[in-house]
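The values are calculated or read from the model by the stated rules, or taken from the named source; none is laboratory data. Just so it is clear, the model here is predicted, and its values are computed rather than measured. Quick reminder, even Gly has a Cβ in these numbers, built from the backbone with ideal geometry, and neighbours come from all protein chains shown.
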Amino acid sequence: MADLTLEPAPGAAPVPAALAAVHADLADLDDLVGRDPAPAAARARDIAARAAALGDVVSLALARVGEAEAVQRAGDPAGAADIVTRLLQEVDAGTRGAEATARASWVLCRVFRDLGDRSTALEHALDAVAVCTEAVPRRVRIRVLLMVADLLDELGGVEDARTWYRRAEELAVGDGTLHLRVVNNRAYSELDRGDAEAARRELDLLDRLGVQYGLPLNANILDTVARVQLLCGELAEAEASARAAVATSAAMDAKNADDEPVYLLTLAIVLRSRGDASAAAEVLAQARAACTGAGFRTVRAQLLAEQAEVHAALGDHRAAFETHKEFYAADRELLSEQREAQARARQAMFETDVARAEAARYREEARRDALTGLRNRLFVDEKLPALVEEFAHGGPAVSAVLFDLDHFKSVNDTFSHEAGDEVLRLTAGILERVAADVPQGSAFAARLGGEEFLLVLTGGAEGVAAGLAERVRRTVAGFDWSGVTAGRGITVSAGVAVLADGGDKTSLLSAADARLYAAKAGGRNQVRAG
């Protein structure tokens, strides 16, 4: 993305008609971002370029924030964070104006909410509240108050959330679209807590407001209505509402990338609840087909969970079991991706002299395996070449031990993926303890993926690394696994290699891998060194 250009083009002077056109296009952009995020991002970049050429920094900032919101709605939260961060770094608050500052914080709030980091999202929402003076448009202030309410509710602050919902609703009176949105979100919060009576009161209010403002209920609200009706046992009504949500989703005034599959998911749940599992399966197929491209990890996991329920309702218990396994794998992958995406977004925001320590902590998070807490492949890909380089210039020797859990697939198949995860965590703990027993800073353990682990040692001969590998092997074999895999022990095989003169990361790991293969071919539960 090109750097911001804040000065008028040489020889150009601001033209009132051109400025008026920029302001008019900005007003239209706000609606376009909600209706159709993908083209809105391109339109926003065009407006920003024109505003920069005219020296209109406030409009430029608003266009960049609009671009960021469009990118976020299209399913790229990290890209949105990058756009906003660069804007905040390059244009100071006094120049960009209160509205752009408030909306920038609001977009960052949406980004971190997407990434599952609600605490950080709430911080950004409160930052937006702090600059929401009377000079900020009322619609922006309403959305900010509503976001605070939603996040407080999701974080368990029920009474505080109700206070902020009330503040948002008081400000929204007279704006039909946003008034309905506030009540809808409050209804969903009551639904989430399973309070059918409170959720039903909010539905009644939505009906009255729709009539009062002369506005039909949009797809998002109809989806909430269907969920509440399902909670209340009104299955026929819930199906009608869910079908209406799907049918009207194209006309939504504010869209997110995953809206269509979410509405289809609700319809599938209702159909299954009504006993029509076959129809539910067809709707789920449509929902999966709608999950194309990036930005659908969360809803894909939800679809897998529901697909498993549908298989079970159809009597195909084997398919239900396999789909449950897919769901747990997708859920773990989603968690891992969210952690790494959170770290990337935070790094983009905090990469300044004032916050380098905080950024370093977030970078550390991105280099840890979400399941075991060990270092991950990203860390290995960065650290190991550096150790090789040190060795090439007279530094300490480098040894690598590759470990592989023997017959691990059968652990998942026999005892469940949860048991397999626990085996991985316990094995990781053993590796960490062994690495911690050598001189500080001279060893680290990592999970490379699946059931494969790595131990890297600096400063020791091959015999030292082989001894550590044997210690790990004995500890795993002698561990009491009865609480996890009753009636079955766990073993590991290992291959040890030492970095040769002129070698690199690839040659070192290839040698260790060849010896690991030999250990497995030789009967497993053994260590092979040079």
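Quick notes
- Against the numbered list (1) more than 26 Å from the chain's Cα centre (by Cα); (2) exposed (fewer than 14 other Cβ atoms within 10 Å of the Cβ); (3) closer than 22 Å to residue 107 by Cα, residue 29 comes up short only at (2).
- Residue-level analysis places residue 78 outside the set of residues that are closer than 18 Å to residue 61 by Cα and at pLDDT below 85.
- Here residue 477 clears all of (1) touching a helix residue (DSSP H, G or I) at 6+ places or on another chain (Cβ under 7 Å); (2) more than 26 Å from residue 386 (Cα to Cα); (3) in a helix (DSSP H, G or I) except the condition numbered (1).
- Any hit, region 282-305, residues being over 26 Å from residue 180 (Cβ atoms), at pLDDT below 85 and touching a Ser or Thr at 6+ places or on another chain (Cβ under 9 Å): yes
- Looking across 470, 452, one residue alone is over 21 Å from residue 510 (Cβ atoms) and not small (Gly, Ala, Ser). It is 470.
- Test: residue in region 2-16 that is in a helix (DSSP H, G or I) and modelled with pLDDT under 90: yes
- Checklist (1) small (Gly, Ala, Ser); (2) closer than 30 Å to residue 118 by Cβ; (3) at pLDDT 70 or above applied to residue 313, failing item: (2)
- For first residues located in region 45-60 and at positive phi, partners that are among the acidic types (Asp, Glu) and lie 6+ apart or on another chain with Cβ distances below 9 Å form the pairs 55/7.
- Residue match in region 319-336 (condition: of a type in the set (A, V, I, L, M, F, W, C), at pLDDT below 75 and in contact with a Pro (Cβ under 7 Å, 6 or more places away or on another chain)): no
- Test: residue in region 203-212 that is in a helix (DSSP H, G or I), among the basic types (Lys, Arg) and closer than 27 Å to residue 156 by Cβ: no
- Test: residue 69 is part of a helix (DSSP H, G or I), in contact (Cβ under 8 Å) with a residue 40 or more places away in the chain and either surrounded by fewer than 22 Cβ atoms within 10 Å (Cβ to Cβ) or touching an Asp or Glu at 6+ places or on another chain (Cβ under 6 Å) (or both): no
- When residue 273 is tested against (1) buried (at least 22 other Cβ atoms within 10 Å of the Cβ); (2) within 16 Å of residue 302 (Cβ to Cβ); (3) at pLDDT 90 or above, exactly one condition is not met: (1).
- For residue 63: the one exception among (1) over 18 Å from the mean Cα position of the chain (by Cα); (2) part of a helix (DSSP H, G or I); (3) surrounded by fewer than 24 Cβ atoms within 10 Å (Cβ to Cβ); (4) of a type outside the set (Phe, Trp, Tyr): (3)
- Breaking point among (1) touching a Lys or Arg at 6+ places or on another chain (Cβ under 8 Å); (2) modelled with pLDDT of 95 or more; (3) surrounded by fewer than 17 Cβ atoms within 10 Å (Cβ to Cβ), for residue 406: (3)
- Wholly enclosed helices (runs of 4 or more DSSP H) of region 74-164 bearing at least 2 residues touching a helix residue (DSSP H, G or I) at 6+ places or on another chain (Cβ under 7 Å), surrounded by 16 or more Cβ atoms within 10 Å (Cβ to Cβ) and in contact (Cβ under 8 Å) with a residue 40 or more places away in the chain: 77-90, 98-114, 138-154
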